[in-house]
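So the structure is just underneath, and the comments pick up after that.
The values are calculated or read from the model by the stated rules, or taken from the named source; none is laboratory data. Since the model is a prediction, treat every value here as computed from it, not as a measurement. Cβ atoms come from the backbone with ideal geometry, glycine included; neighbour counts cover every protein chain shown. When the accessible area is computed, the model is the full protein with side chains, heavy atoms only, and any ligands, DNA or RNA have been set aside. Shrake-Rupley method; radii C 1.70, N 1.55, O 1.52, S 1.80 Å.
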Amino acid sequence: EMEKLCILLLVDDTVYEAVEELRLVLATPKSSSQFGASVGSQNEALLKIKDTADKPIIRFTEAKFSISEPKEAGAVVTVRIPVVRVGDTSKVSVVRVHTKDGSAVSGVDYYPVSKDIEFKQGEKRHVLEVEVLFDGIREMREAFTVHLKPDENMVAETQVMKAIVYIEESNSMADVTFPSLPNVMSLLHYDDVARKADNLYPPAGYPVICVTACDPKYPDYDKTGSICVSERINNTLTHYRWLISAPAGPNGVTSPMKEVDFETFFTSAKMITLDSVYFQAGSRVRCAARAVNSNGEEGLELSSPIVTISQEEGESQTMNELHSVHFQFSRGKSNGFAPLLHRERALYFRPYESSGNGLLNKDTIKHNTEPCKTFSSLRSQAFGPIFSPF
């Protein structure tokens, strides 16, 4: 025989240990041969025992979770996210777990969580609960993430440190969107929207209009129209938003775009045209349009490129001058409300006493030609404004 096996039995345990070593030594040779026996120079072997099976690891059980949004206001549903510890559980581990916004927003779509999870001796599993809220908005599915921090006691290793939670909409947004971005242009050019040069700089003093890819006036409607029909987009149901910004300063720095979130006295700021708001030269404008199909289901929103109001064309080119506007209000003999211009350029109404003949005296109001808000505490049919040059 030239070779023999040395069998060594290892005893398994549940305690995680570092790499352990032992030596196997050949000694005390014996032989029945008349020449005896001897041990060669390679008479010792080093054996290292690695304990990978008992290494303590804390992790999420899955990398993705999904839950349906509640179906009514005030209701909540709870997503349960297991956090487990495998390997050696003989020591105490503490990990912090917290949520982070994605397309879902804390406080609106779910309640945020940030807490420590303590694994005591022998504990292998904890369950993190996150409450999901009803937001009442028809939209695509949203998501937020949950994160694990390293073990504060530096006992266990953390793996699968991030899990994504998807909130499935119970009344999800329709998979419909315009085939191309909308365009902002002057209402003056609505019947000739292919005039590209004019569209880039709408003339001052005219209302602007948001032209979607499903509007027959759209420049490429010959290409987009058939797509709108196949997607069953009803352009008359489109939802609009408007965003505006002041002209760039002398150094060329522009202000951020802000949504027009007020209603003017004469019309709405959520319509296809931004009427009753007249911009000074250099102002920047963009619109956002949300597609709606023939079933009334809302789809995705697309925003137009930003356009700049012309510096050369349009009405009332001297935009920084103050102009006088004369208002004459006709009303019955009872007390009413007379218009005044607020220092913040908001037109508001205060009580006045009728002069007996139901006609106010002429009043001159100076105002800047920037957009202003108008509102009244009376219904619009209660009085009739008459604009005259006097």
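Observations
- Amide N of segment 271-285 lying under 11 Å from the label point, which is placed 7 angstrom from the Cα of LEU181 along Cα→Cβ: none
- Share of carbon and sulfur in the accessible area of segment 1-81 stands at 52%, probe radius 1.4 Å.
- Two-site FRET efficiency, VAL127 against MET154, from Cβ-Cβ distance with R₀ of 25 Å, rounded to 0.05: 0.55
- Relative intensity, log₁₀ I(q)/I(0), of segment 26-146 from a Debye sum that treats every alpha carbon as a point, q = 0.10, 0.15 Å⁻¹: -0.51, -0.80
- At an R0 of 22 angstrom, the distance between the Cβ atoms of THR78 and THR145 translates into a FRET efficiency of 0.80.
- Extent along the principal axes, Cα only, for segment 81-125: 40, 14, 11 Å, with the longest axis given first.
- Once the C-beta distance of LYS258 and GLU62 is scaled by a Förster radius of 35 Å, the resulting FRET efficiency is 0.25 to the nearest 0.05.
- Dipole check for segment 42-193: with +1 at the C-beta of Lys and Arg, -1 at the C-beta of Asp and Glu, and the Cα centre as origin, the magnitude is about 900 Debye.
- Descending principal axes extents, segment 1-73, alpha-carbon based, whole Å: 98, 24, 20
- With a threshold of 26 Å on the Cα-Cα distance, the over-threshold entries among LYS55/LYS100; LYS115/LYS162; LYS50/LYS115; LYS71/LYS124; LYS64/LYS91; LYS91/LYS162 are LYS55/LYS100; LYS50/LYS115; LYS71/LYS124; LYS64/LYS91.
- Spin-label model distance (nm) - SER230 vs GLU168, 7 Å beyond Cα toward Cβ: 2.9 nm
- Between ASP101 and ILE137, the modelled labels are 1.0 nm apart [label points 7 Å from Cα along Cα→Cβ].
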